[in-house]
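Working notes for the structure below.
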Amino acid sequence: MNRILLGSVAALGIGIAGVASAQQTFIAIGTGGVTGVYYPAGGAICRLVNRNRAEHGIRCGVESTGGSIFNINAIRTGELEFGVAQSDWQFHAFNGSSRFEDDGPFEDLRAVFSLHPEPFTVVARSDADVTSFDDLAGKRVNIGNPGSGQRGTMDVVMEAMGWTTDTFSQATELPPGEQALALCDNNIDAIIYTVGHPSGAIQEATTACDTVLVNVDNDAIRALVEDRPYYRMATIPGGMYRGTDADVTTFGVGATFVTSATVADEVVYQVVKAIFEDLDQFKGLHPALDILVPEQMVSDGLSAPLHPGAERFYREAGLID
């Protein structure tokens with residue numbers, strides 16, 4: 001089956017029924033590393049979309065990518081139709097700020113819905129003498145792979161803290177799938193991961209060796225949260241991971257599902273419909289999705305305009321006026 005970019009389909013005036021009959025509509029969702037939450041969340045979306053493929057003619061596929069920033073850039077160039085992205089990078093992309101300043105505002109970026117909260121998570125070896133976020137100075141720290149949302153957020157945090165990569169004795173750029181092994185092999189002292197919980201990657205690190213989750217709470221972090229509407233303080237419940245019995249205080253963003261204005265309204269409508277008309281099953285496909293609330297999904301962390309296809313469904317469902 002040949003893949004047809006959906007913006008081109010719309011431009012040609014081909015109706016969704018015609019596309020379905022030709023079985024030519026393929027949509028790709030950019031996610032993240034396979035050990036994170038983005039990848040299974042994207043898989044859950046595709047699972048529900050593909051279940052009704054005979055009716056709407058849309059076939060959904062998931063791609064493991066570098067994360068938020070990569071996904072947004074790929075949507076911008078038309079390489080992806082949809083992607084999962086942190087709420088802060090949705091904001092920056094639409095407004096042309098931070099890492100998107102050189103490329104300018106992505107005015108065609110459109111929000112579809114929000115997903116799970118993503119606390120900024122620090123896991124340190126128990127023998128690394130890291131009891132607070134400030135203690136990372138002078139340690140071997142994995143700051144995340146370039147192009148990922150977590151790396152972008154870590155860059156923002158380092159600037160707020162007055163840190164550079166030279167602040168650490170070593171700053172590695174491993175992707176999420178490699179950082180747990182590096183931590184437990186004693187190649188690094190701590191990992192940074194902006195991720196929904198429970199996370200398979202964090203579970204792997206905390207069960208394979210002795211670790212502790214670290215509080216990320218100081219004046220610099222509180223100022224970041226106060227100054228930016230896409231950040232909020234967050235709590236990782238104690239007892240979720242081995243080695244950390246008490247609640248951990250940190251800050252976080254939210255995972256959001258985004259697309260482009262060039263993607264056909266009917267396609268976005270059908271994707272949203274597949275999720276919201278079977279939300280209970282969607283929530284059951286990964287523990288991080290279990291807390292989703294429809295009213296919050298259509299508003300929280302969405303700084304780009306809603307795609308008209310999504311907006312149409314939400315009005316029909318009474319979720320927005």
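The values are calculated or read from the model by the stated rules, or taken from the named source; none is laboratory data. A quick note: this is a predicted structure, and the numbers were derived from the prediction, not measured. Backbone-built Cβ (ideal geometry, glycine too); neighbour counts: all protein chains shown.
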Flagged in region 286-302 as touching a helix residue (DSSP H, G or I) at 6+ places or on another chain (Cβ under 9 Å) and at pLDDT 90 or above, in numbering order, are LEU289, LEU292, PRO294, MET297, VAL298, LEU302
By residue number, the members of region 253-290 that are more than 17 Å from the chain's Cα centre (by Cα) and part of a loop (DSSP other than H, G, I, E, B) are ALA261, THR262, VAL263, ALA264, GLU277, ASP278, GLY284
Considering residues that are over 21 Å from MET154 (Cβ atoms) and either outside the structural domain of VAL272 (by TED's automatic domain parsing) or of a type in the set (Ser, Thr, Tyr) (or both), the number found within region 64-91 is 1
With criteria (1) of a type outside the set (Asp, Glu); (2) assigned to a loop (DSSP other than H, G, I, E, B); (3) more than 25 Å from ARG110 (Cα to Cα), THR250 comes up short on (2)
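Which of the helices (runs of 4 or more DSSP H) found entirely inside region 29-100 contain at least 1 residues meeting this: in contact with a Leu (Cβ under 6 Å, 6 or more places away or on another chain)?
38-51, 68-77, 87-95
Condition check ((1) in the same structural domain as THR262 (by TED's automatic domain parsing); (2) on the phi > 0 side of the Ramachandran plot; (3) surrounded by 16 or more Cβ atoms within 10 Å (Cβ to Cβ); (4) at pLDDT below 95) across all residues:
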| site | (1), (2), (3), (4) |
| --- | --- |
| PRO105 | yes, no, no, no |
| ASP108 | yes, no, yes, no |
| ASP127 | no, no, no, no |
| ASP134 | no, no, no, no |
| ALA137 | no, no, no, no |
| GLY144 | no, yes, yes, yes |
| ARG151 | no, no, yes, yes |
| MET158 | no, no, yes, no |
Given the conditions (1) free of Cβ contacts under 8 Å to residues at least 24 places away in the same chain; (2) touching a His at 6+ places or on another chain (Cβ under 7 Å), every one holds for VAL112 apart from (1)
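Matching residues to (1) closer than 21 Å to ILE291 by Cβ; (2) of a type outside the set (S, T, N, Q):
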site: GLY152; (1), (2): no, yes
site: ASP155; (1), (2): no, yes
site: THR164; (1), (2): no, no
site: SER169; (1), (2): no, no
site: PRO175; (1), (2): no, yes
site: LEU181; (1), (2): no, yes
site: ALA190; (1), (2): no, yes
site: TYR231; (1), (2): yes, yes
Quick count over region 229-247, residues being out of contact with any Gly (no Cβ under 6 Å at 6 or more places or on another chain), of a type in the set (A, V, I, L, M, F, W, C) and assigned to a loop (DSSP other than H, G, I, E, B), is 1
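Go through region 270-288 and report how many residues are touching a residue at least 40 places away in the same chain (Cβ under 8 Å) and farther than 22 Å from ARG59 by Cβ.
2
Do the conditions hold for ARG232, that is, is it of a type in the set (Lys, Arg), under 11 Å from PHE120 (Cα atoms) and surrounded by fewer than 18 Cβ atoms within 10 Å (Cβ to Cβ)?
Spelling it out, ARG232 is indeed of a type in the set (Lys, Arg), under 11 Å from PHE120 (Cα atoms) and surrounded by fewer than 18 Cβ atoms within 10 Å (Cβ to Cβ).
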Across (1) closer than 19 Å to HIS197 by Cβ; (2) touching a strand residue (DSSP E or B) at 6+ places or on another chain (Cβ under 6 Å), VAL258 clears everything bar (1)
The condition from (1) in contact with a Phe, Trp or Tyr (Cβ under 9 Å, 6 or more places away or on another chain); (2) closer than 27 Å to THR256 by Cβ that ALA223 misses is numbered (1)
Filter region 175-220 for residues that are modelled with pLDDT under 95 and part of a loop (DSSP other than H, G, I, E, B); the one that is surrounded by the fewest Cβ atoms within 10 Å (Cβ to Cβ) is PRO198
The correct count of residues that are under 14 Å from SER114 (Cα atoms) and charged (D, E, K, R) in region 240-288 is 1
Residue set THR262, THR244, THR256, THR249; condition farther than 28 Å from ALA190 by Cα, in contact (Cβ under 8 Å) with a residue 24 or more places away in the chain, β-branched (Val, Ile, Thr) and out of contact with any Phe, Trp or Tyr (no Cβ under 6 Å at 6 or more places or on another chain); output residue THR262
